[in-house]
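**Q** Take this structure, written in structure tokens, and hold onto it; I'll ask about it next.
No lab work stands behind these numbers, since they all come straight from the coordinates. Keep in mind that this is a model prediction, so the values were computed, not measured. Because the Cβ atoms are built from the backbone with ideal geometry, glycine has one as well, and the counts that use them run over all protein chains shown.
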Amino acid sequence: MSAVEEHANEPIVPLRRPGRWAAAAVLAVLAAMAVSFVVTTPALRLDLVAGYLLERSIMRGLLLTIELTVLAMLVGVVLGTALAIMRLSDNPLLRWVAAAYVWLFRGTPILVQLLFWFFLGAVMPRISLGVPFGPEFFSVPVNVLITPFTAAILGLGLNEAAYMAEIVRAGIGSVDRGQREAAEALGMRPALVYRRVVLPQAARMIVPPTANETISMLKLTSLVLVIGLPDLLTSAQLIYGRNFQQIPLLIVASIWYLVLTTLLTFAQSKLERRLGRSDVHVGGHA
Amino acid sequence: MTELLLARGVRKSFGKVEVLKGIDLTVHPGQVVCLLGPSGSGKSTFLRCVNHLERLDAGEIWVDGHLVGYRRAGGKKYEMRPREVADQRRDIGMVFQRFNLFPHLTALENVMEAPRHVLGRPREAVRQEALDLLRRVGLEERAGHYPAQLSGGQQQRVAIARALAMKPKLMLFDEPTSALDPELVGEVLDVMKDLAGAGMTMIVVTHEIGFAREVADHVVFMDDGLVVEAGPAAELIASPRHRRTQAFLAKVL
Ligand SMILES: Nc1ncnc2c1ncn2[C@@H]1O[C@H](COP(=O)(O)OP(=O)(O)O)[C@@H](O)[C@H]1O
Ligand SMILES: [Mg+2]
């Protein structure tokens with residue numbers, strides 16, 4: 001009896017983890033090396049980085065990058081959602097069209113698509129609306145309609161729609177069939193079933209990969225270089241083309257990309273928390 | 001026509017398998033009809049035909065004088081457009097075995113959803129009615145809870161309130177207590193008894209023979225896509241005539 005009481009009072013020693021200390025030491029050394037490299041390498045020209053960070057053409061490039069990202073994602077999400085709903089419809093023609101769209105836009109390089117829209121005016125001088133092979137109601141020159149900016153939105157947005165279509169389709173597919181039936185049984189018309197029941201629940205599945213897509217779109221916009229648009233990276237390149245300070249200017253561009261990515265990541269986690277409100281406590285019994 | 005529901009010769013196949021082989025059923029206003037029968041006999045399928053969640057292959061179903069899902073013209077029945085079918089379903093409430101509450105909405109929002117967005121009624125009036133309905137199923141104090149925060153029995157009671165919010169003329173229940181832990185069955189059956197007492201017309205698929213005996217006016221026994229036997233509840237349960245009914249009741253009682 002007294003022996004057991006003695007044991008009960010013996011102190012408990014947590015498991016020692018020497019590996020953690022070793023890893024921490026190694027990382028500390030590596031970090032010190034990185035800091036010393038940055039501070040003591042004159043070629044990095046941190047003074048120039050600071051000087052160019054808020055430079056006017058960099059700012060304008062940043063703005064264009066943000067505009068392109070927002071608009072291309074808007075096109076991608078709206079068109080992608082429409083494609084996903086077409087893909088899941090009863091109408092075989094709509095299903096086929098949506099599948100063909102995804103096949104075409106996912107199956108060709110985005111660079112090709114950007115250039116295609118940019119050079120469309122060369123092969124097709126006018127866009128017209130009318131009866132095929134018949135009278136025209138309306139006709140405008142393509143180079144009025146398709147500026148480099150609209151070519152960029154078309155190229156990036158239409159390509160994005162193909163990826164978003166798959167993401168939204170998976171999200172809609174994850175919603176239990178009983179949800180749709182319950183909504184139908186209440187007398188909801190098909191559009192209302194989607195808007196009020198299916199899409200809000202699919203959103204929780206759709207948001208994380210969409211945030212991912214937005215972050216990659218942010219960096220994909222730098223491809224507009226090929227059609228001569230001065231986005232963030234292109235603006236940095238234009239400057240180092242003149243002064244040959246490649247590294248400092250690449251650091252400037254990277255800093256801005258990191259800032260934007262950080263903001264997006266923050267927005268993503270806020271949105272996810274908002275959508276997850278309804279499962280504060282999952283697992284009430286059946 | 002005095003009957004609220006009239007089904008005649010309802011047939012339904014899934015692929016090559018005929019699941020309903022000609023079902024006839026009459027339900028009068030205020031009646032409670034229980035559908036009994038072994039698993040796979042077509043009870044759920046029939047119930048889903050009543051609000052056109054399934055298309056018919058033959059026969060017809062009338063609810064409150066309207067042909068469900070079809071329009072008659074020139075000796076034929078033409079299938080309605082989805083939005084027309086949706087509008088017909090407003091008068092028919094349905095309660096599912098797995099509750100199917102909307103998980104992204106609170107209990108109160110679940111109940112308010114259809115009157116607000118199907119009927120477009122004003123928010124405050126709908127809110128008051130929804131709170132009254134939640135009180136009626138004993139869940140007023142859970143109004144702000146999400147389905148995941150409720151027990152199965154509570155979820156099913158919210159689901160009943162949600163269906164009642166559309167003021168349906170007919171309520172369909174598909175095994176409303178089969179997914180519940182045994183100690184939670186009673187609270188849901190109690191709500192259903194109150195509803196029957198208040199004069200609601202109900203078709204209930206159930207294995208709760210006690211409920212059928214106590215509450216139902218009429219019991220219909222189905223097997224293999226056919227109505228084997230139908231009659232007054234007490235009589236049919238106490239002295240079934242058909243051998244298959246006897247065998248089934250012997251197993252579940
Ligand atoms: N959507 C469906 N597709 C194919 N077969 C189905 C479908 N729904 C039900 N069935 C089949 O129809 C038969 C009757 O099912 P059901 O009406 O659910 O019976 P019950 O509700 O009486 O148990 C079963 O054999 C079932 O497998
Ligand atoms: Mg069933």
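**Q** Binning at 10 angstrom from zero up to the longest distance, how are the C-alpha pair distances of region B:113-237 distributed in percent?
**A** 11, 39, 32, 14, 4
**Q** Between rounded, prolate and oblate, where does region B:1-108 land on the alpha carbon gyration tensor, with a ≥ b ≥ c its root eigenvalues, rounded for a/c under 1.5, else prolate if a/b exceeds b/c?
**A** rounded
**Q** Next question, about the same structure. May I ask you to evaluate 6.51 cos²θ - 1.76 cosθ + 1.60, the Karplus curve with θ = phi - 60°, for each residue of region A:80-97 and list the ³J(HN,Hα) values in order in whole Hz, giving x for glycine and proline?
**A** Taking θ as phi minus 60°, the curve returns x, 5, 4, 5, 5, 5, 4, 4, 9, 7, 6, 7, x, 5, 4, 4, 5, 4 Hz for region A:80-97.
**Q** Assigning unit charges at the beta carbon (Lys, Arg +1; Asp, Glu -1) and nothing else, what dipole magnitude in debye, to the nearest 20, does region B:115-162 show about its Cα centre?
**A** The dipole magnitude comes to about 120 debye.
**Q** About its Cα centre, how strong a charge dipole does the protein assembly as shown have in debye, to the nearest 20, once Lys and Arg get +1 and Asp and Glu get -1 at the Cβ?
**A** Using only the charged Cβ atoms, the result is roughly 1360 debye.
**Q** Quick one: length gained pulling A:Ala267 to A:Leu225 fully straight, 0.36 nm per residue minus the C-alpha distance? Write out the running numbers ahead of the final one.
**A** Working: separation 42, 0.36 × 42 = 15.12 nm, distance 2.80 nm.
Residue separation times 0.36 nm, minus the Cα-Cα distance, leaves 12.3 nm.
**Q** Right, next: Compute, for region A:186-244, the length of the dipole vector about the Cα centre, with Cβ point charges of +1 (Lys, Arg) and -1 (Asp, Glu) only. Units Debye, rounded to 20. Write out the running numbers ahead of the final one.
**A** Numbers: 6 positive and 2 negative charges, 65 e Å.
The calculation lands at about 320 debye.
**Q** Still on this structure, I have one more. When the Cα centres of region A:1-65 and region B:126-201 are compared, how far apart do they sit, in Å?
**A** Comparing the Cα centres of region A:1-65 and region B:126-201, I get a distance of 55 Å.
**Q** Turning to a different aspect of this structure: For chain A, with equal point scatterers placed on the C-alpha atoms only and solvent neglected, what are the log10 I(q)/I(0) values from the Debye formula at q = 0.07, 0.08, 0.13, 0.16 1/Å, to two decimals?
**A** Log10 of I(q)/I(0), two decimals: -0.46, -0.57, -1.07, -1.28.
**Q** In whole Å and largest first, what semi-axes does the C-alpha gyration tensor of region A:1-115 yield when each eigenvalue is scaled by 5 and square-rooted?
**A** Rounded to whole Å, the semi-axes are 54, 37, 14.
**Q** Considering every Cα-Cα pair within the protein assembly as shown, what fraction, in whole percent, is farther apart than 44 Å?
**A** 42 percent
**Q** Could you check the simple spin-label distance between A:Val131 and B:Lys77, using points 7 Å along Cα→Cβ, in nm with one decimal?
**A** The modelled label-to-label distance comes out at 4.2 nm.
**Q** Round to a whole angstrom and tell me the spacing of the C-alpha centers of region B:11-64 and region A:201-245.
**A** Region B:11-64 and region A:201-245 have Cα centres separated by 57 Å.
**Q** On to the next question. Quick one: grab the alpha carbon gyration tensor of region A:105-217, order the square roots of its eigenvalues as a ≥ b ≥ c, and give me rounded if a/c is under 1.5, else prolate or oblate depending on whether a/b is larger than b/c.
**A** Working: a/c = 3.63, a/b = 1.73, b/c = 2.10.
The shape class here is oblate.
**Q** Which entries in the list B:Lys43/B:Lys76; B:Lys12/B:Lys251; B:Lys76/B:Lys167; B:Lys169/B:Lys193; B:Lys167/B:Lys193; B:Lys21/B:Lys251 go over 22 Å, if you measure between the two C-alpha atoms of each?
**A** Result: B:Lys43/B:Lys76; B:Lys12/B:Lys251; B:Lys76/B:Lys167; B:Lys21/B:Lys251 exceed 22 Å.
**Q** Continuing with this model, one more query. Would you mind getting me the FRET efficiency between A:Arg95 and A:Leu46? Use the beta-carbon distance for r and R0 = 41 Å, nearest 0.05.
**A** The computed FRET efficiency comes out at 0.15.
**Q** Still on this structure: Averaged across orientations, what area in nm² does the convex hull of the alpha carbons in chain B project?
**A** 14.4 nm²
**Q** Mind listing the long-range amide H neighbours of B:Asp57? Cut-off is under 5 Å, sequence gap 5 or more, other chains count too, H placed in the peptide plane at 1.01 Å from N.
**A** Those lying under 5 Å, H to H, from B:Asp57 are B:Arg11, B:Lys12, B:Ser13.
**Q** Can you give the Kirkwood hydrodynamic radius for region A:1-47, in Å, rounded to one decimal and based on Cα pairs?
**A** Values: mean 1/r = 0.0664 Å⁻¹.
After inverting the pairwise mean of 1/r, the radius is 15.1 Å.
**Q** Taking +1 at the Cβ of each Lys and Arg and -1 at the Cβ of each Asp and Glu, which of B:Cys49, B:Ile160, B:Tyr78 sits farthest along the dipole of the protein assembly as shown towards its positive end, judged by Cα position relative to the Cα centre?
**A** B:Tyr78
**Q** Per-residue HN-Hα couplings for region B:108-121, Karplus 6.51 cos²θ - 1.76 cosθ + 1.60 at θ = phi - 60°, whole Hz, x for Gly and Pro?
**A** 4, 5, 4, 6, 7, 3, 6, x, 5, 9, 8, 8, x, 7
**Q** Find how many whole Å separate the alpha carbon centroid of region A:154-183 from the alpha carbon centroid of region A:75-147.
**A** Distance between centres, Cα-based: 19 Å.
**Q** Follow-up. For region A:208-225, what does the Karplus curve 6.51 cos²θ - 1.76 cosθ + 1.60, with θ = phi - 60°, yield as ³J(HN,Hα) per residue in whole Hz, taken in order and with x for Gly and Pro?
**A** Working through the residues one at a time gives x, x, 5, 4, 4, 4, 5, 5, 6, 4, 3, 8, 5, 4, 5, 5, 5, 3 Hz.
**Q** Hey, another quick one. Could you work out how much longer the chain between A:Ala24 and A:Gln246 gets when fully extended? Use 0.36 nm per residue separation minus the Cα distance between them, nm to one decimal. Intermediate results must be reported in sequence, preceding the final value.
**A** Values: separation 222, 0.36 × 222 = 79.92 nm, distance 3.39 nm.
Residue separation times 0.36 nm, minus the Cα-Cα distance, leaves 76.5 nm.
**Q** A follow-up question, please. If you take every residue apart from B:Asn110 with its C-beta less than 12 Å away from the C-beta of B:Asn110, what net charge results, scoring Lys and Arg +1 and Asp and Glu -1? Provide the component values of the computation, followed by the final result.
**A** Working: positive: A:Arg196, B:Arg116, B:Arg142, B:Arg157, B:Arg162; negative: B:Glu109, B:Glu113.
The answer is +3.
**Q** For the pair B:Gln128 and A:Ser174, how long in nm is the line joining their label points, each one 7 Å along Cα→Cβ?
**A** If labels sit at B:Gln128 and A:Ser174, their model points lie 4.1 nm apart.
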